[in-house]
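Notes for the one structure printed next.
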2 protein chains.
Amino acid sequence: MGIKPVKTLTLSDIARLAGVSESTASRALRDNPVINAQTREKVQQIAAEHQFKVNATARSLRTQKSHTIAVIILFDAKTQQTITDPFLLEILGVIADELTRQGYDMLLSTSKTTDKDWRSYYFDSKRADGLIVIGQGEHDERVEQLSSAGVPFVVWGAPTGSEAFAVIGSDNRQGATLAVSHLLAQGCKRIAFLGDIRHTEIEMRYLGYQDALLAAGIKPEPLLQLNTDFTAQAGYVQTQQALFKQLGSLDGIFAASDAIAMGAMKALLEQGISVPQQVALVGFDDIAMSAYCTPSLTTVKQDTQAGGKLLVAQLLGQINGAKAASQLLPVKLIERQSSLRKE
Amino acid sequence: MGIKPVKTLTLSDIARLAGVSESTASRALRDNPVINAQTREKVQQIAAEHQFKVNATARSLRTQKSHTIAVIILFDAKTQQTITDPFLLEILGVIADELTRQGYDMLLSTSKTTDKDWRSYYFDSKRADGLIVIGQGEHDERVEQLSSAGVPFVVWGAPTGSEAFAVIGSDNRQGATLAVSHLLAQGCKRIAFLGDIRHTEIEMRYLGYQDALLAAGIKPEPLLQLNTDFTAQAGYVQTQQALFKQLGSLDGIFAASDAIAMGAMKALLEQGISVPQQVALVGFDDIAMSAYCTPSLTTVKQDTQAGGKLLVAQLLGQINGAKAASQLLPVKLIERQSSLRKE
DNA sequence: GGTGATATTGCAATCGATTGCAATAGCTGA
DNA sequence: TCAGCTATTGCAATCGATTGCAATATCACC
């Protein structure tokens, strides 16, 4: 409906209107101190009057900086659906805010897009100055590839201390230990673990689960570890099956995410099993909904604010020449009704 | 850690390696039929060998197309937090997938960023070829501004049929009518409405709520409409207050979103009020978690798949010269436990 | 053999902003 | 009055790819 196609003004138009050269106009607009104060103000005023905006493309081409960060959300190969995990979305939001606060644009893409080669697509093509990779399982060959290509990038995942690139993530092992110790303290004897240990982060949570059991003198039973996708549905289905097989013997569940935990809770309640009395339940993430299910969900809170900011800070650091450094974030157990057995 | 800073190759490098001019190389890579087949293949092979990627910035500058769409997520002015509403995130995911499927990049930004002027920032600066605006309340002056500036853009909201730009959205009024009629059919007499009617979409839902009541010969009571933000917390707090004031008289709640509904459910159960027996509850959106709370939530399902795809299709259409056209999407009532009173 | 048509390829301008270096003007001090 | 400085400003190249138009080569047909 554009009856007013308003040909966008260019720097050269502004320069002409102000009666100066393009170079002077450019410097004036960028507050280059070498320019006379009066000239600068005149140029800036004229630019403002005409709503002049620097052409970001031309600037990028000349300066060789896009001032854009690509954020890539990884998926499970099989769960080919769109972003669903509330936790990932939460951290995505924090990153978005932080990037804009730092004056960067954010290019978002789902893993499907760029199946082939992120470096080519985002970096070589100069679409982005750096990459943030979010998602389960950084055992991705594409990440390794980035690493060896000298591209600035950061991964949200499980820092091991030995990786060649920067990984920011929660102390999953410690978090799991907190959760499981808490369940044990509530009197649980047989605790199931719902989560897919092929993802490094979940593997760490499983290790923490084992740590806690061993510390209590309990030998972990491999059969109690059930691979479960990051959805309420998967949690629901797995719990139903687990109940079918081991009804009566389970008295605790540690779910690798809150979504999984909510699915599990549904399955339990549906079978008339009381939570937390018969089976106590703990999740992981502390998504917004966790406080509002019934019973409310005990969970391990990940600090998304700190995480998102750190990812951005670390990446921008690299872009400015700092070297990659991983970091582990502390977590906190949030005790709610799903695990607290009143005495 | 980049020990291998691999200076990226340019088109001119490829041309030299292939022994042709830059123009020929460019045309060969773009499969321009005017180029001899052998030449084309040779150039393409050399480009592939060297992992050459066209510099997107240079191409954009020359072609005057960014092949990028900016997606702007609006916030409530007061709720200055990051994206939280699960529904918005879901539709965002669909848009992301669809854009990449169409070969477009997606620039994501939260409203805070660009508080000033979207047209300037995204369009005049040539960062994006078009805009998608998502969020409650398109009564935003910035939207009006876009409209009069001839920028290709689409809004997710409440199509009224009279707006000057393209709005894609669900049939909120019809959805609400379905929901409330259902509550009435379940025997509810006094139904509260939780939602902020200052948002156009919610206003439509409120109108639908009134429609259903009037159709049943019930006069809507203004006191039963409670402005509520899009969060579980707000739903919880408002419901607590409502209960405090009108305990015993309410027998139904229609919440303007599932998150609100879940908060409301929590408040009800906490007070020992049974759902759906004493108070029946219906939400809106059908987010993933709705099926997994207890009791599971009856809700009005919005077709996010269709919505996202339509937004993209409509926008790309505009970019290619088609004219803006709004569209209303049908919704569906999903009956679950929170409202079904068994006889 | 000559002429016009057709198939390929290359030259050079262009997109819009940035910046190294040169140029000019104005001023100071001897 | 003039060399020497400083403060400003402008010229022109550059970033990398695309494309209108011209140039050349090739071929067919009379």
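What to note about this one:
- Helix axis angle, B:304-319 relative to chain B longest principal axis, alpha carbon, degrees: 40 degrees
- Rough spin-label spacing in nm, given labels placed 7 Å along Cα→Cβ, for A:Ser249 and A:Ala306: 3.9 nm
- Each part gets one Cα centre, and for region B:9-36 versus region A:24-50 those centres are 41 Å apart.
- Label spacing, shortest first and in nm, from A:Pro33 to its equivalents in the remaining copies (7 angstrom along Cα→Cβ): 6.1
- Along region B:124-133 the Karplus relation, 6.51 cos²θ - 1.76 cosθ + 1.60 evaluated at θ = phi - 60°, assigns HN-Hα couplings of 4, 7, 6, 6, 9, 8, x, 10, 10, 10 Hz to successive residues, with x for each Gly and Pro.
- Under 5 Å, built H, 5+ apart or other chain: amide partners of A:Asp105: A:Thr68, A:Ile69
- Antiparallel bridges, percent of DSSP beta bridges restricted to the protein assembly as shown (to nearest 5): 10 percent
- Vicinal HN-Hα couplings computed from phi for region A:24-39 (Karplus, 6.51 cos²θ - 1.76 cosθ + 1.60; Hz; Gly/Pro x): 4, 4, 4, 5, 4, 5, 9, 6, 5, x, 6, 7, 4, 4, 4, 4
- Under a model in which nothing but the beta-carbon of Lys, Arg (+1) and Asp, Glu (-1) is charged, the protein assembly as shown shows a dipole of about 1360 debye around its Cα centre.
- With all protein chains kept in place, the per residue accessible area of region A:172-302 amounts to 35 square angstrom at a probe of 1.4 angstrom.
- Working note: Karplus 6.51/-1.76/1.60 with θ = phi - 60° gives region B:254-262 the couplings 10, 9, 6, 8, 5, 4, 4, 4, 5 Hz, where Gly and Pro are set to x.
- The charge dipole of region B:172-302, taken about the Cα centre with unit charges on the Cβ atoms of Lys, Arg (+1) and Asp, Glu (-1), comes to about 280 debye, rounded to the nearest 20.
- Within 10 Å of the Cβ of each residue in A:90-97, the mean number of Cβ atoms contributed by other protein chains is 5.
- Between amide H atoms placed 1.01 Å from N, distances below 5 Å from A:Asp171 occur with A:Leu329, A:Val331, all of them 5 or more places distant or on a separate chain.
- Residue with peak Gaussian network fluctuation, chain B [Cα springs, cutoff 10 Å], from B:Asp258, B:Asp13, B:Asp129: B:Asp13
- Here the simple spin-label model places points 7 Å from the Cα toward Cβ, and for A:Gln327 and B:Gln51 these points are separated by 2.9 nm.
- Separation of alpha-carbon centers, region B:53-70 and region B:179-210, rounded to whole Å: 47 Å
- Chain-alone versus full-assembly comparison, region B:225-243, residues with accessible loss of at least 30 Å² (1.4 Å probe): B:Ala232
- Net charge, A:Arg173 excluded, C-beta distance under 13 Å - Lys, Arg +1, Asp, Glu -1: -3
- Label point distance in nm, A:Lys219-A:Thr160, each placed 7 Å from Cα along Cα→Cβ: 2.8 nm
- Based on DSSP H segments of at least four residues, each scored -39500 (n - 2.57), chain B has a per-residue ellipticity at 222 nm of -12500 deg cm²/dmol.
- Separation of alpha-carbon centers, region B:269-290 and region A:216-253, rounded to whole Å: 28 Å
- Multiplying each eigenvalue of the alpha-carbon gyration tensor of the protein assembly as shown by 5 and taking the square root yields semi-axes of 47, 34, 22 Å, largest first, rounded to whole angstroms.
- Counting charges near A:Gly208 (Lys, Arg +1; Asp, Glu -1) among other residues having Cβ under 13 Å from its Cβ returns a value of -2.
- Gaussian network model of chain A, springs between alpha carbon atoms under 10 Å - residue of A:Gly283, A:Gly272, A:Gly195 with greatest fluctuation: A:Gly272
- Inter-chain neighbour count for B:51-63: the average number of beta-carbon atoms from partner chains within 10 Å of each residue's beta-carbon is 6.
- Residue with peak Gaussian network fluctuation, chain B [Cα springs, cutoff 10 Å], from B:Ile35, B:Ile319, B:Ile202: B:Ile35
- A simple charge model with +1 on the Cβ of Lys and Arg, -1 on the Cβ of Asp and Glu and nothing else charged puts the dipole of chain B at about 880 debye relative to its Cα centre.
- Averaged over the residues of B:263-274, the number of partner chain Cβ atoms lying within 10 Å of the residue Cβ comes to 2.
- Inter-copy spacing of B:Phe244 label points, which lie 7 Å from Cα along Cα→Cβ, given in nm from shortest upward: 4.7
- Charge context of B:Gly235, other residues only, Cβ under 11 angstrom, K/R +1, D/E -1: -1
- Each other copy places its own label point for B:Glu22 at 1.5 nm from this one, sorted shortest first, where the point lies 7 Å along the Cα-to-beta carbon line.
- Shape of region B:172-302, Cα gyration tensor, a/c cut at 1.5: rounded
- Förster-model FRET efficiency, 45 Å R0, B:Ser21 and A:Arg198, C-beta, rounded to 0.05: 0.30
The values are calculated or read from the model by the stated rules, or taken from the named source; none is laboratory data. Note that the structure is predicted; figures quoted are calculated from it, not measured. Don't worry about glycine lacking a Cβ; one is built from the backbone with ideal geometry, like all the others, and counts go over all protein chains shown. For the accessible areas, the whole protein counts, side chains as well, though only heavy atoms, and no ligand, DNA or RNA atoms are used. Shrake-Rupley method; radii C 1.70, N 1.55, O 1.52, S 1.80 Å.
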